[in-house]
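Novice: First the structure, which I've put down as structure tokens, then a few questions once you've had a look.
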Amino acid sequence: MRKVYVGGIGATEFGAHENTSLEQLGARAIADALRDAELDRNGIDAVYVGHMSQGEVAGQRILKDMAFPEVPVTNIENACASGSSAFREAWIAVGAGMADAVLVLGIEKLASKGLLTLKTQTFEERVGHIMPGSYALAGERHMAEHGTTIEDFAWIAAKNRSNGVANPKAMFRKACTVEEVIASRKIAGPLTLLQCCGTASGAAAVVLVGGKAARGASRKKVRVRSCALSSKMQWGEPEDLSIFMPTYRAAKAAYEYSGIAPEDVDVVELHDAFTVGELLHYEGLMLCAKGGGAELVRSGATAVDGRVPVNPSGGLLARGHPVGATGVMQLVELVKQLRGSAEHHQVPGVKVALAQSQGGTGAGAGAAAVTILST
Amino acid sequence: MSEDDEKNFASVDAQRFRVEPGGKPMLVGGRCGHCGCIAWSVRAMCPRCWATDQQEEFALPTKGALYSMTAVQRAQNGYRGPYAVGVVDLPGGVRVFGRIHWPEGSRWRAGAEMELFAERLDFDGDVPSMWVPAFRPSEVPGHA
């Protein structure tokens, strides 16, 4: 694999975008990313588009309105990990020398606002399960095994929502206290409304460059050190619900490939669709030992001024979650951190950044991706 | 409502759960005659050895250990909440999902022995009622 760098980034704000079409959302993020990369559309060799529900050939429908040259376009779906999966394919293409400059777009325009729901009605949902219920089951098991409390989960929501107040691209920019989080409407198990992300529409884009396209550095270069993808395909054997194994497997592969260790990571953007997710991902990412998630919360290490800030951008909880866009937006945020140009909550001295995203049904099918970037 | 009317309600999924005449609930297991793999419901193809023949039905155990459960306060449209759902690990290695009835006022216990019963779900409007698998703590002889 050749060295692969981030040439440019761009994103729309996340929000309702009721009067903005899919094509317009995509065009704004793409134009910003190309401008940031100082590249013309003719300099792009291929495009990868991550989305969940935008229909057939979504990438081509967006790019034709930008008079894009007819380069290879691949549309990729992996539920909430669609954007990060698209990024991974782009990284492989550039690393393998199949392309020198590749555009990655993550995008989703949602039909209705509210809590996240998926298309497939599973057996579990017919019995009465709800999408946050899988996270609630995991949270309840974690509480039973490790003494984790609702306050631990609620602290994560207060942290992320407060972090998001300063993020101009975030949809939900209202700070809240742990008490307010706990007092918000009950959803399932320990999860209350403020611990759950809201749906949104939005787009984020990244240009990856290698070979000829990587020459000339007008600013500090951000390099993609690894991008690992793991699957969840639960066919029957009971699994440990107190940890997200796909996160762990993807993290292990990403650390090993890059030669970077968990303690080297300076900042993290991870998949906090629900607070339980963030706490369990601390363990999956080996930021602490298995079972140590609540202790890490209580230490304050993942606060914006802590040892390893997690979701300084506000995460999904503050940004909102346009399913296909989230994975790419996390990387946009981390690139800003690594460049030293984050408008909100710049972490001092960032050299290594990690993004984690995951997606799937509540019933045993999904994906998790872990990406490591460095200067 | 007569007993006959009760029996005629459909199961949420007859491939996984049935209510026999007389109300006895059954979780439908599938066993592969070739490799012995067992799963919840008979599959058209064994997940482990990919055989499409000798896939047999059998009755799964009706008691198991509670692995996790959660209250559901914000149910989907049409579902009457709050209620609880969860997963129970049956002897033999199959984990099943269903409604969970845990006594009010005490926290659920991981590993508690639960027993299967058939719960009837009613919905608003013209949506027909249906049977779902449900679990409650086993009666333990000699305990209050």
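The values are calculated or read from the model by the stated rules, or taken from the named source; none is laboratory data. As the structure is a computational prediction, the values presented were derived from the model and not from experiment. Cβ sites come from the backbone with ideal geometry, for glycine too, and all protein chains shown count toward neighbours. Surface accessibility is based on the protein's heavy atoms, side chains included, excluding ligands, DNA and RNA. Shrake-Rupley method; radii C 1.70, N 1.55, O 1.52, S 1.80 Å.
Novice: Counting just the residues of the stretch B:42-56 that are touching a residue at least 12 places away in the same chain (Cβ under 8 Å) and of a type outside the set (S, T, N, Q), which one comes out surrounded by the fewest Cβ atoms within 10 Å (Cβ to Cβ)? Before the answer, list the steps.
Specialist: Taking the stretch B:42-56 and keeping what is touching a residue at least 12 places away in the same chain (Cβ under 8 Å), we get B:42-43, B:46, B:48-49, B:51, B:53-56.
Now drop any that are not of a type outside the set (S, T, N, Q), which leaves B:42-43, B:46, B:48-49, B:51, B:53, B:56.
On the way: B:Val42: 17, B:Arg43: 18, B:Cys46: 23, B:Arg48: 16, B:Cys49: 12, B:Ala51: 15, B:Asp53: 9, B:Glu56: 11.
If we take residues in the stretch B:42-56 being touching a residue at least 12 places away in the same chain (Cβ under 8 Å) and of a type outside the set (S, T, N, Q), then B:Asp53 is surrounded by the fewest Cβ atoms within 10 Å (Cβ to Cβ).
Novice: For A:Phe68, which of the numbered conditions (1) within 27 Å of A:Ala170 (Cα to Cα); (2) buried (at least 18 other Cβ atoms within 10 Å of the Cβ) fails to hold?
Specialist: Result: A:Phe68 passes all but (1).
Novice: Can you tell me which residues in the stretch A:174-229 are of a type in the set (Ser, Thr, Tyr) and either within 26 Å of A:Leu285 (Cβ to Cβ) or within 14 Å of chain B (Cβ to nearest Cβ) (or both)? Give the derivation first.
Specialist: Quick first cut of the stretch A:174-229, residues of a type in the set (Ser, Thr, Tyr) only: A:177, A:184, A:192, A:199, A:201, A:218, A:226.
Result: A:Ser184, A:Thr192, A:Thr199, A:Ser226.
Novice: If you don't mind, there's one more thing I want to ask. Considering only the stretch A:4-19, how many residues are modelled with pLDDT of 95 or more and either within 21 Å of A:Pro69 (Cβ to Cβ) or more than 22 Å from the chain's Cα centre (by Cα) (or both)?
Specialist: Matching residues across the stretch A:4-19 total 3.
Novice: Look through the stretch B:42-80, keep the residues that are assigned to a loop (DSSP other than H, G, I, E, B) and within 22 Å of B:Glu113 (Cα to Cα), and return whichever of them is farthest from the other protein chains (Cβ to nearest Cβ).
Specialist: At the first step, the residues of the stretch B:42-80 found to be assigned to a loop (DSSP other than H, G, I, E, B) are B:42-54, B:60-62, B:73-80.
In the following step, the residues that additionally are within 22 Å of B:Glu113 (Cα to Cα) were identified as B:60-62.
Numbers: B:Leu60: 12, B:Pro61: 14, B:Thr62: 17 Å.
Restricting to residues being assigned to a loop (DSSP other than H, G, I, E, B) and within 22 Å of B:Glu113 (Cα to Cα), the top hit is B:Thr62.
Novice: When you look at B:Gly92, is it open to solvent by 50 Å² or more (accessible area, probe 1.4 Å) and either within 8 Å of chain A (Cβ to nearest Cβ) or more than 17 Å from the chain's Cα centre (by Cα) (or both), yes or no? Outline the logic, then answer.
Specialist: On the way: open to solvent by 50 Å² or more (accessible area, probe 1.4 Å): yes; either within 8 Å of chain A (Cβ to nearest Cβ) or more than 17 Å from the chain's Cα centre (by Cα) (or both): no.
So B:Gly92 fails the test.
Novice: Under 7 Å by Cβ, and 6 or more places apart or on different chains, what pairs join a residue from the stretch A:1-16 that is farther than 9 Å from A:Val206 by Cβ with one that is in a strand (DSSP E or B) and polar (S, T, N, Q)?
Specialist: Final answer for the pair search is A:Gly15/A:Ser201; A:Ala16/A:Ser201.
Novice: Only one of these is over 21 Å from A:Gly315 (Cβ atoms) and not in a strand (DSSP E or B): A:Tyr255, A:Tyr248. Name it. Working first, answer last.
Specialist: Values: A:Tyr248 fails: over 21 Å from A:Gly315 (Cβ atoms).
The conditions single out A:Tyr255.
Novice: Is it the case, given these coordinates, that B:Ala39 is open to solvent by less than 40 Å² (accessible area, probe 1.4 Å), facing chain A (nearest Cβ under 7 Å) and not hydroxyl-bearing (Ser, Thr, Tyr)?
Specialist: Working: open to solvent by less than 40 Å² (accessible area, probe 1.4 Å): yes; facing chain A (nearest Cβ under 7 Å): yes; not hydroxyl-bearing (Ser, Thr, Tyr): yes.
Taking the combined requirement at face value, the residue satisfies it.
Novice: B:Gly98 versus (1) in a strand (DSSP E or B); (2) under 18 Å from A:Ala144 (Cβ atoms); (3) at the interface with another protein chain (Cβ under 9 Å from one of its Cβ atoms); (4) in contact (Cβ under 8 Å) with a residue 24 or more places away in the chain: which is the lone unmet condition?
Specialist: The number of the failed condition is (2).
Novice: Identify the residue in the stretch A:145-165 that is open to solvent by 50 Å² or more (accessible area, probe 1.4 Å) and farther than 16 Å from A:Gly292 by Cβ and, among all such residues, is nearest to the other protein chains (Cβ to nearest Cβ). Even if it seems obvious, please write down each step before you answer.
Specialist: Step one: filter the stretch A:145-165 for residues open to solvent by 50 Å² or more (accessible area, probe 1.4 Å), giving A:145-146, A:151, A:155, A:165.
Filter once more, so that each one left must be farther than 16 Å from A:Gly292 by Cβ: A:151, A:165.
Working: A:Glu151: 16, A:Val165: 26 Å.
Checked the stretch A:145-165; the qualifying residue nearest to the other protein chains (Cβ to nearest Cβ) is A:Glu151.
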